[in-house]
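Here is the structure we will look at.
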Amino acid sequence: MRLSRATLSRVAPAARPLALPRLTGVVHLGIGAFHRAHQAVYTERAMAATGDDRWGICGVSQRSTDVADRLRPQDCLYGVRAGDEVRVVGSVREVLVPGDDLAARLAAPQTAVVTLTVTEKAYRRDTMPWSGPGAVPGAVPGRPVPGAAPGRPVPGVVGRLVAGLRARAAADAGPLTVVSCDNLPDNGATLARLVAELCEPPLLRWVEENVTFPATMVDRIVPATTPADLDDVAARLGVTDLGAVVTEPFTQWVIEDRFAGDRPAWERAGALLVDDVRPYERMKLRLLNGSHSAIAYLSGAAYVSEAVADPAFAAFLRRLMDDDLTPTLGGLDGFDLPAYKESLLARFANPGLRHRVAQIAADGSQKLPQRLLDPARDRLAAGREPRWIALAVAGWMRHVTTCRELDDPLAARLRGDETASFSSTAAATVRRLLAVEEIFGADLRDDRVFRDLVTDCLERLAADDLPTVLHALDAD
Ligand code: CS2
């Protein structure tokens, strides 16, 4: 028996949805496991706390029909298991797939908020219509893209969003708040800039007057769902659920309080609305995501929990956080950073979460800059040697040059001629990869101290096993 509104009565009362909305007020771009375990849960809780049932979610898949195929037969209901608790979430009302009329949803007057979890690479400037391999002839920023039409928007998430904004402006459907929930610094302003580049002047004026792009920090560890997870959730719910997600109990959402119009009462669901998200965002991107990337490229474990179960590796993560990352954080007066760091290690150690390091290792070119390279810059500017960051970056370089299949939008360039071996010297590899300016910028490419640190670490990783390398670096 499949989960649906009709079969909800078979689910234990405590596991039934907290709210079943009547209207759709939110459009979410990128309805993957993360959204279903994060914003969708906050939105449902907000509706339950206030009784305001206008905030159903229209989820949008960017590329495949997989989520729609799973959720549509279930009336878009799905279970979230966090620790030992499973509950069916009721906030999603429909799922759109590529080709569906997203612009009409964005132009609907009852849509007041758009949220996005579309991963770092959707924000790449070099995929805009006037640059990169997919460039459209004659395309320039600030002019309609040649060939683009309401039914045929510019490809990419930002292109589809702009087509929706154009439809909304034409329909005079009122203000809209667009909330980027991706792990990027200044995610709101970054998205606003990309949107502006795709808008012709009259549309840009309308956007400036009617649309805001608050910044947010989102946090919840959500591994990709496995068949075993689906079996487990089905056993707990008593019905089959092909849309289930398994996550951790911890969840956090900090949102810049800059809304253009109405919104769900997310603060009633535990979200923090603040004037300035940056201190939180920096702390999370550097300490949590930075540590995650270090685990992905150095530990050699298959799962995050296995990596941190090794005391020597956990000690390395502490040094990375304490010596190289924490000194780059500010504006967190009164916040208990030592406790936050310990809580991160405890979350990573959670044996109930089967979080594959391969999931984190993907798209390194899009993740390293904000997680590890910006803090490296800060340390270098302070005259310090960020050796633990350098070790993680060397681990990434080893990964890039030796892993069997590199899952990264810059894969072709990163691989270069060095296929699957340390055929060249560490120094040559470091020099070649540091020259990829989209990742390292000209400043880190030309920074002798940084280059020497990374080269030293890569040489050590090639010569010795990780415990030996960690021990030697610690003793230096
Ligand atoms: C992870 C994040 O895959 C990754 O790169 O670092 O998805 C991480 O699990 C989340 O940001 C946690 O909030």
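Across the options 184, 396, 309, the greatest Cα extent toward the positive end of the charge dipole of the chain (unit charges at beta carbon of Lys, Arg, Asp, Glu) belongs to 184. Pairs of Cα atoms nearer than 8 Å and 6+ residues apart set the relative contact order; for the chain it is 13 percent. Here the scattering of the chain is modelled by Debye summation over its C-alpha atoms, one equal scatterer each and no solvent; at q = 0.06, 0.09 Å⁻¹ the log10 of I(q)/I(0) is -0.28, -0.64. In order along the stretch 238-252, phi translates into HN-Hα couplings of x, 9, 6, 9, 8, x, 5, 10, 10, 9, 9, x, 5, 7, 8 Hz, rounded to whole numbers, per the Karplus curve 6.51 cos²θ - 1.76 cosθ + 1.60 with θ = phi - 60° and x for Gly and Pro. Peptide packing: for 204-211, 330-337, the average count of neighbouring Cβ atoms within 10 Å per residue gives the ranking 204-211, 330-337, highest mean first.
Near the amide H of residue 115, within less than 5 Å, lie the amide hydrogens of 27, 28, 29, 179, all on another chain or at least 5 residues away, with H placed in the peptide plane. Database remark: amide H of residue 353 closer than 5 angstrom to no amide H (H placed geometrically; neighbours at sequence offset of 5 or more, or on other chains; Pro and chain starts carry no H). Here the 3J(HN,Hα) profile of the stretch 333-346, calculated from phi with Karplus coefficients 6.51, -1.76 and 1.60 at θ = phi - 60°, is 3, x, 8, 7, 5, x, 5, 4, 5, 5, 5, 5, 4, 5 Hz, Gly and Pro shown as x.
Reported to the nearest whole Å, the Cα centre-to-centre distance from the stretch 388-412 to the stretch 267-344 is 21.
Distant-in-sequence amide contacts of residue 273, defined by a placed amide H-H separation under 5 Å and a gap of 5 or more residues or a different chain, comprise 255. Helix 187-197 and the longest principal axis of the C-alpha atoms of the chain enclose an angle of approximately 70°. Note that the stretch 282-297 has calculated 3J(HN,Hα) couplings of 5, 4, 6, 4, 7, 6, 7, 5, x, 5, 4, 5, 4, 4, 4, 9 Hz, one per residue in order, obtained from phi through the Karplus relation 6.51 cos²θ - 1.76 cosθ + 1.60 (θ = phi - 60°); glycine and proline are x.
Each peptide in 234-242, 388-396 was scored by the mean count of other Cβ atoms within 10 Å over its residues; highest first, the order is 388-396, 234-242. For the chain, DSSP calls about 30 percent of its internal beta bridges antiparallel.
Dipole check for the chain: with +1 at the C-beta of Lys and Arg, -1 at the C-beta of Asp and Glu, and the Cα centre as origin, the magnitude is about 1180 Debye.
Laboratory data are not the source of any read-out in this text; all were calculated from the coordinates shown. In this text, all values refer to a predicted model and were calculated from it rather than measured experimentally. Every residue, glycine as well, gets a Cβ built from its backbone with ideal geometry; the counts of neighbours run over all protein chains shown.
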